[in-house]
Every structure is written in C-alpha cells, then in structure tokens.
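J.: This is the structure I want to talk about, given as structure tokens.
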Number of protein chains: 2
Amino acid sequence: MAGVSQSTVSRVFAGGANVSEKKRKKILEVADRLNYMPNAHARSLITRKSMMIGIVMRNMRNPFYSEVLEIFHNRLSALGYHLIFINSNNEEIQESEITQLLEYSVDGVIITDALLSSPASDRLKRYGIAVVLFNRYTEHLASSAVFCDNYLAAKQIAAYLVDIGHRSFAFISGPSDTSTTIDRLRGFREVLDKRRIGKFVIEPGSYTYESGFRSAQELLTKNTGIDCIFCGNDIIALGVMDALRVIGFKIPKDISVIGFDNIRMGAWASYSLTTWEQPVEDMVDATVKVLLREIKDKTLPPQVITMKGRLIVRNSVRPAIQDVKPRTRGRQTGKK
Amino acid sequence: MAGVSQSTVSRVFAGGANVSEKKRKKILEVADRLNYMPNAHARSLITRKSMMIGIVMRNMRNPFYSEVLEIFHNRLSALGYHLIFINSNNEEIQESEITQLLEYSVDGVIITDALLSSPASDRLKRYGIAVVLFNRYTEHLASSAVFCDNYLAAKQIAAYLVDIGHRSFAFISGPSDTSTTIDRLRGFREVLDKRRIGKFVIEPGSYTYESGFRSAQELLTKNTGIDCIFCGNDIIALGVMDALRVIGFKIPKDISVIGFDNIRMGAWASYSLTTWEQPVEDMVDATVKVLLREIKDKTLPPQVITMKGRLIVRNSVRPAIQDVKPRTRGRQTGKK
DNA sequence: TTGAGCGATGGTTACGTATTCATTCTAATG
DNA sequence: CATTAGAATGAATACGTAACCATCGCTCAA
C-alpha cells in the first residue's frame, strides 16, 4: 500500500466516515494506479448484506414480462441493488432455484408469474429473506404481494362490454390455477350473471399467442353466435385476433376482442387492441417499496397491495350502439 | 455442530472428497435440521470464483433479446452459473456498470447489442475477466465475439430478391454505427452493385417497431416505385409492414418486405414475414463455449466465431416471376 | 510382527472487508 | 498554557469457507 492502514481504505470506499481530505486523495490515487477495487463478496460476508435481489420469472416470451424486467432493473440498480435473474421453466418455482438464491444470500426475492408453493415460501422466510410476489398472490397470504385488482378490472370490463350491447361472450383463459385467471373470470362472470346474460363460453389455455390462436379456432368451430371474446391477457388476444382473421371474421364488426395488460404490441396498427392497462411502473414501484421495507425489518407481516389500472379503448371492440357510425372508426390511441 | 470438524463439513458440501458414509449422512441430517447452507460469498472469497456471469443487454423491447436471455439462462444455469442481469440504457456500456460487475468479481461477461468501448474492454481484461460479445464485434478484435455472418447473409438475401425480379430497393436500417447494420448494408449493396441495380434508397433508424413504422412512412412519401424493402431486423420489418398497410399497400403484391432475425412474431398470421434466421441456440452455445474457455485460461487470444443462418421463406416477399400463381399464396412456414 | 500405504479426519490459515476499540492528533476554550 | 472534546487513524477481530498439512487408525503384505 501507500502509507495508510486497511481500516482507512475501507472508510474511504465504504462509508462516508471521517477521513482527512489529504489521505482520501492519496488513497484514491493509489487505488486507481493499483487497479484496486473493493471485493463485494468480502463485504457481503461481513455486512450480511449482499445487495442482490433474485428475480424469478417465467414466460419471458410474453413481452409484458420483459418490460417488467427492464423496469425492475432500472429501479433497483438505481438503489444499488443487483439482479440475479432466474428463468423458471416450471409452474412451481424449483427447490434448487431457491437453494441457489439462498446460498448467495440475496437480500430479497421478487417472483413474477410463478406460483410460489407454501413450503418454498416458508423456506425463504425461515432464512429471513424478503419475498414479494408480483402479479400473483397466494391463498394464505403468507407472502407480500403486489398485483392489479383483476377481479374489479374484469367487472368493469364486463360492464363496459354489456353496455355496448354485447350479449354472447367467450373467455379465453390462461392456466386455470393462477390467481390472475381465477379473479378475472370471477369478476367477469359475476357481472354477466347480474345482468342475466347466460351465453358465456370458457375456453381454457395458457398465456401464449399460440394458445390463443388455437383456442379461438376451437371455440368458433364449436360455438356460433359469439360476439365478444374476453382474453386472459394481451398476448392471447393477439393470437385470437389472428385466428379470427384467418377464419374470415372482421374485427370488431363481426366480433369484438378485448385483452388485458396493455403490452406495447397491442397498440400496433395491425391489432389496435382494446385492453385493460396494468399500471406496470406503479406496480414495480410498489413492489420495490414493499421489498425494501421487508428487507429493513424482517419481522413485518406480509403486505398486500392492489392497484387499479384502466381501460384503454382502441378499435378491437365495436363502438357502442347508440353512437354507431359504421365506417368511421375513431382513432383513439389510449394516450390521454 | 454435531460431532465433526468444519473441514469435514466443507468436504461434504463442496467436493467429492473422501468422507465416510456414516459421517456424511449425519452431517447432512444435522445440516437439514439446522437449516445450514454453504455461503456462496465465503466460497467465492477463498475460491476466487464467483460462478456468476454478467449479462449486459439493451433494447429488451426487442423480443429477439428476451429469447436470447432465456436461452443463455437455461444453458448457464445448467452449468451452475448465475446470471447478473444488466440492462444498459445507453449505446456505450457504462463505466459504473463495469465497476459493479468487477466488484462482484464475475467470472465472465456477455455483452449483447451494446457497443463495448475499447477502454471498457481493456478494463475488464486487466482484471482477468472473460468477455464475449454476442451479435456484435469490435473493430480491433480486442474481445471474443460470436455473431451471424451478416455480410454473407445480406448478400444471399439480395441475390434472392434480385432473382425473384425485384429491381428497386430500400434498406431501412438500424443505428448506422453498429457492426450488424454496417455489415448487412455492405453485403446487400455489393450484390446490387454487381447486378447493376442502381435504385437503392437507405432510410436510417433504430431497431424498434416505431422506428420502422416511421421510416416506412417517410420513405414512401419521398420515393416512388420501390418494390422491395430490406429491413435491418424483424422488429423494424413489422413496423414497416404495418405502415405500408395503413398507407394502403398490399404485401407482397405491391411491395415486398424482408426482415432479419426470425423472431417468433414474424411467423404470426398477421405478418408471415420472410426473413433470415439467426441460429440463436447455436450462437448461444458457441458463446458459452468461448466464455468457458476464456474463464479457464485467461491468457487465450480473443476468438471470433461467425455463423451462417438461413433464409426463411414466408409470404411477405412475392413469389418468383416464373412460377407466379397470382392469388394462391403458398403456405410455407419455414419449418422443414 | 512390523512397516508401508492409504483413507478419513481435524487443525490451521487465508480470502478481503466492516467494525469496534484504543490511541494519537488537532484545535478550541478557559 | 492546560485541558478537553472530537476528529483521525491503526490494530485487532469476525464473517464462512477451501485448501494445505499433520495426524490417526486401519489394512495388507512381506
């Protein structure tokens, strides 16, 4: 070294502790010359903080989630955290994936679109690791969660569609055991029941374009008279729209399609999808906030935050009957 | 503990070293009861291996890259590596981003679609960190790189299009300072020159849908008679197709569009995009191989690997003149 | 019987940092 | 000048592991 103790070096790099300006200069200069750089592992070892967050994703094919990943990275890296990315290929988060995160003693874990089994959740908790579910929640509320109020959103969507004049519905769903699917279906059905609309078909599937495409084909060969399809999410909706067009339907003249998420592609000219916007940025912010809170105080009870979102009207749902101007599609973009 | 030294515990968890079966059982059992788990940071500290790979991405909006990320994760996690995900918002990889990776002493770094400046590269090298560029390369060949032979591919594409009978071309490009753009343009132009085709317009842009959309509008208000547009990549191509349709062009009757990458969405019914497939899986495999090689022996000279790819014929380019059957679009899918 | 060889095990050290404690230095106050 | 509070600094320790070295006990063969 150059004339100073290790303690002082640590003080210069780590905290804003008291070091004379002269020595600080000197240390930084020598460090630069020696290519010195603090070692994060040693720091983690003594600090018991890794400054790393595990982010478990699934279904990265869905652009909704790559967007989510991007935003999470922006927020967390600004706070000095690093992201360990884990792509889960299975419905349940794998035991080994948790083990890996534990060995690296991540400070927290964000889980998106992957069902967090109770034992897994317990395990993370037992090691004092903060967990927040994004866009999902578990029954027992064992973990904190941030998600859109799918139930309420689906109700509003249903009301909107019925008001417009639709009378025969189909729901092309995602996996039937996910909270998002369950809530969206429940809300939608509740409104239909209340409005005494009996014509409602459910076609199961998964959250992919291909699934949407197939389901739509399936649906329309088995059923007639459907005039509106509510899709479990946008990526399904795009598949549905393409399938309908291949069959020969005009959207929205012959049949209306509505999605959920408001992914960028829905706004593309080929689709112009009417959908429900999830306030992704706000959801991410809330998730980060909850996560940091839990990291700071691990004894806190799980916290559940729901957000609203809003309807984005484009051109895949036919205009309301009262003000129908047949060939004059309004050019609503969804932006205020 | 329960009746054994720390050394033995280490032997059980770390290596396949010699431990009697009896004690191994006992240790594992006690470990389970105590929720013991080896600490990756301590291990990294002594081993000087972090088993972490930094992956620097940009333009995550492009589904090509989320696919790439997914594949990289699958490959590397199977090898026991963990991914530190970094989303670079800038053209140049940031100094601070490198610093972060260095502090965590990642074993290697993969850089996709982000220009790696020479000083940054030198810095990583100086610390003995393996670097591989994915889908890009630098002039001086200071780093290893794996990419598709864009020059050759563009030549083949051009030849294909000219053979079909196209005579007036446009190239809607990505950023003009990226190796991909430069090579694709060079190859394309070379063939046109050789075939004595002078009608060739270049419209600059970036690798996004929106850019493609705008560029196509721009292009067609300024030029007439263009019968084929070669797009810098698929996501641009989709934007171009949508713009053309909005204007009123029929694809491929009025104008042909061809992309590059073969992202999933190109196969969707709305687009059915003819394009050039990048052999992503093979490219990832090659990248991982080069990376591991460099991690093992840091003194190795940089290695550059180029791959071929192949043309995927769908329906966005009009069929060759000789076998033209006007209204009978073949249903080629690109799958063998 | 004895020594060699080997598998199994424990003791010890080093990795690079943050932190605590003790010490020295500085400056301000009376 | 004496006293003292506070800033600046160094020494020592702990974090949890892998690896090296030494030891121990056992087996087998001469």
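The values are calculated or read from the model by the stated rules, or taken from the named source; none is laboratory data. Treat the numbers as computed from the prediction; the structure is a model and nothing was measured. Virtual Cβ from ideal backbone geometry, glycine too; neighbours counted across all protein chains shown.
J.: Name the residue that is farthest from B:Thr99 (Cα to Cα), counting only residues in the stretch B:115-170 that are modelled with pLDDT of 85 or more and among the polar types (S, T, N, Q).
T.: Among them, the one singled out is B:Ser168.
J.: Based on what the data block shows, is B:Arg184 charged (D, E, K, R), in contact (Cβ under 8 Å) with a residue 60 or more places away in the chain and either closer than 15 Å to B:Ala159 by Cα or within 14 Å of another protein chain (Cβ to nearest Cβ) (or both)?
T.: The answer is yes for B:Arg184.
J.: Examine the stretch B:200-209 for a residue that is more than 22 Å from the chain's Cα centre (by Cα), modelled with pLDDT under 95, away from every other protein chain (no Cβ under 14 Å) and farther than 22 Å from A:Gly239 by Cα, and state whether such a residue exists.
T.: no
J.: Counting only residues that are more than 12 Å from DNA strand C (Cβ to nearest atom) and more than 9 Å from chain A (Cβ to nearest Cβ), which one in the stretch B:26-48 is nearest to A:Ser50 (Cα to Cα)? Working first, answer last.
T.: At the first step, the residues of the stretch B:26-48 found to be more than 12 Å from DNA strand C (Cβ to nearest atom) are B:28-38, B:40.
Pick out the ones that are also more than 9 Å from chain A (Cβ to nearest Cβ) and you get B:28-34, B:36.
On the way: B:Leu28: 26, B:Glu29: 28, B:Val30: 26, B:Ala31: 23, B:Asp32: 23, B:Arg33: 25, B:Leu34: 22, B:Tyr36: 18 Å.
Per the criteria, the residue is B:Tyr36.
The rows are residues; the columns are (1) away from every other protein chain (no Cβ under 14 Å); (2) in contact (Cβ under 8 Å) with a residue 12 or more places away in the chain; (3) farther than 19 Å from B:Leu152 by Cβ; (4) over 24 Å from the mean Cα position of the chain (by Cα).
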position: B:Ile229; (1), (2), (3), (4): yes, yes, yes, no
position: B:Ile235; (1), (2), (3), (4): no, yes, yes, no
position: B:Ile247; (1), (2), (3), (4): no, yes, yes, yes
position: B:Pro252; (1), (2), (3), (4): yes, yes, yes, yes
position: B:Gly259; (1), (2), (3), (4): yes, yes, no, no
position: B:Val284; (1), (2), (3), (4): no, yes, yes, no
position: B:Leu292; (1), (2), (3), (4): yes, yes, yes, no
position: B:Pro301; (1), (2), (3), (4): yes, no, yes, no
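J.: Just one of (1) in contact (Cβ under 8 Å) with a residue 40 or more places away in the chain; (2) of a type outside the set (Asp, Glu); (3) under 21 Å from A:Cys228 (Cα atoms) trips up A:Ser270, so point out which.
T.: (1)
J.: Just to confirm my filter: which helices (runs of 4 or more DSSP H) fall fully inside the stretch A:1-52 and include at least 2 residues that are hydrophobic (A, V, I, L, M, F, W, C) and near DNA strand D (Cβ under 10 Å from one of its atoms)? If you could, list the steps in order and put the result at the bottom.
T.: Values: elements: A:6-13, A:21-34, A:40-47.
Answer list for the stretch A:1-52: A:6-13, A:40-47.
J.: Restricting to the stretch A:162-185, name every residue that is polar (S, T, N, Q) and not in a loop (DSSP other than H, G, I, E, B). Even if it seems obvious, please write down each step before you answer.
T.: In the first step, residues of the stretch A:162-185 are kept if they are polar (S, T, N, Q); the result is A:168, A:173, A:176, A:178-181.
Across the stretch A:162-185, the qualifying residues are A:Ser179, A:Thr180, A:Thr181.
J.: Of the conditions (1) away from every other protein chain (no Cβ under 14 Å); (2) in contact with a strand residue (DSSP E or B) (Cβ under 6 Å, 6 or more places away or on another chain); (3) closer than 18 Å to B:Ala159 by Cα; (4) not hydroxyl-bearing (Ser, Thr, Tyr), B:Asn223 fails just one. Which one is it?
T.: Of everything listed in (1) away from every other protein chain (no Cβ under 14 Å); (2) in contact with a strand residue (DSSP E or B) (Cβ under 6 Å, 6 or more places away or on another chain); (3) closer than 18 Å to B:Ala159 by Cα; (4) not hydroxyl-bearing (Ser, Thr, Tyr), B:Asn223 misses just condition (3).
J.: Would you pick out the residues in the stretch A:67-98 that are under 19 Å from A:Arg264 (Cβ atoms), β-branched (Val, Ile, Thr) and surrounded by fewer than 22 Cβ atoms within 10 Å (Cβ to Cβ)?
T.: The one that is under 19 Å from A:Arg264 (Cβ atoms), β-branched (Val, Ile, Thr) and surrounded by fewer than 22 Cβ atoms within 10 Å (Cβ to Cβ): A:Ile71.
J.: Also, I was wondering about something else. Hey, can you tell me all the residues within the stretch B:2-25 that are more than 27 Å from B:Tyr81 (Cα to Cα) and near DNA strand C (Cβ under 9 Å from one of its atoms)?
T.: B:Gly3, B:Val4, B:Ser5, B:Ser20, B:Glu21, B:Lys22, B:Lys23
J.: Further, regarding this structure: Give me the residue from the stretch A:284-305 that is surrounded by fewer than 22 Cβ atoms within 10 Å (Cβ to Cβ) and touching a helix residue (DSSP H, G or I) at 6+ places or on another chain (Cβ under 8 Å) and, out of that set, modelled with the lowest pLDDT. Walk me through it before giving the result.
T.: Of the residues in the stretch A:284-305, the ones surrounded by fewer than 22 Cβ atoms within 10 Å (Cβ to Cβ) are A:285-286, A:289, A:292-293, A:295-305.
Cutting the leftovers down to touching a helix residue (DSSP H, G or I) at 6+ places or on another chain (Cβ under 8 Å) gives us A:285, A:300, A:303, A:305.
On the way: A:Asp285: 98, A:Leu300: 91, A:Gln303: 94, A:Ile305: 96.
Only one residue fits best here, namely A:Leu300.
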